[in-house]
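**Q** Before anything else, here's the structure in question.
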Amino acid sequence: MQLIASLVEDSGISFLGVDYRLCPNDCFPAALDDIEDAYRWLLAQGYRAEAIGTTGISAGATLVTQLLHRCKRKGLPMPAVALVMAGVMDFSCGRESVAFNANDDLVSLQRLEAISSHYLPEDGSYDSRDLDCLQQDYRSYPRTLFQVGDREVLLSDAIACFSILKTAGHDVALPVVPGMIHCGQLFSREFTPGQRATAEAALFLREGFVACNPYSVRGMGERKKQKTGH
């Protein structure tokens, strides 16, 4: 909750936190289904897609990219912006930084492998397109910030995602935060790299909504039936 509070305070944007189902009690795609339901609920309440952003850290960041693929696959309007703070994108856990940052990060290869084994159902009863969502072609993609620390085991995941989308011509950015470990944003009150990352994230959200809604000062709080900027 501290991260949400910091982003609200620094960006001036309203947030909806989703208490999605967790593994091992509920495997993939249960959490993604919950996120999709929450997004559909916002749309049903009258919030325009261009006034909605998606934000997540760690497992939540993975869900952000999976939701964007769901939007593409099911014909839902894409949200305006996406903030992806170091999620798992390669469930084989085979990218380079898993090895070269192993001694610097809080997260180990063994931990990633354990999470993956609990996250995915043993019977394979899921749509692999939702899991490997960045291997799909996107006609459109939200303005996205991939945020990661240079000491994270998931650094290479973020670089790969950024590279794929940037090569495809989408508006994405990847600031690598010096000295930051996985989920460093959660310790921003005492951890300087986390403070820097949180400030950058809030600035991205604020500027992203202004770019998509140039006359709006309400960001996610703007409804269809309200006048823009009021």
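The values are calculated or read from the model by the stated rules, or taken from the named source; none is laboratory data. Note that this is a predicted model, so its numbers are computed, not measured. Positions of Cβ are generated from backbone atoms using ideal geometry, with glycine treated the same way; all protein chains shown enter the neighbour counts. Please note that ligands, DNA and RNA were not included when accessible areas were found on the heavy atoms of the full protein model with its side chains. Shrake-Rupley method; radii C 1.70, N 1.55, O 1.52, S 1.80 Å.
**Q** Give all pairs with beta carbons closer than 7 Å in which a residue from the range 1-23 that is more than 20 Å from Ile115 (Cα to Cα) and charged (D, E, K, R) meets a residue that is surrounded by 13 or more Cβ atoms within 10 Å (Cβ to Cβ) and modelled with pLDDT of 95 or more; count only pairs at least 6 apart in sequence or on separate chains.
**A** Asp10/Thr198; Asp10/Ala199; Asp10/Ala202
**Q** Also, quick follow-up: With the checklist (1) at pLDDT 95 or above; (2) touching a Phe, Trp or Tyr at 6+ places or on another chain (Cβ under 7 Å); (3) not β-branched (Val, Ile, Thr) in hand, flag the one item Tyr39 doesn't pass.
**A** All conditions pass for Tyr39, except number (2).
**Q** State all residues of the range 93-114 that are assigned to a loop (DSSP other than H, G, I, E, B) and under 14 Å from Thr62 (Cα atoms); if no residue qualifies, say none.
**A** Cys93
**Q** Hey, can you tell me all the residues within the range 107-126 that are at pLDDT below 80 and surrounded by 14 or more Cβ atoms within 10 Å (Cβ to Cβ)?
**A** Tyr126
**Q** Taking only the range 8-64 into account, find how many residues are within 17 Å of Thr144 (Cβ to Cβ) and open to solvent by 60 Å² or more (accessible area, probe 1.4 Å).
**A** Number of matching residues: 1.
**Q** Moving on. Can you name the residue in the range 80-106 that is without any contact (Cβ under 8 Å) to a residue 24 or more places away in the chain and not small (Gly, Ala, Ser) and is also least open to solvent (accessible area, probe 1.4 Å) among such residues?
**A** This residue is Cys93.
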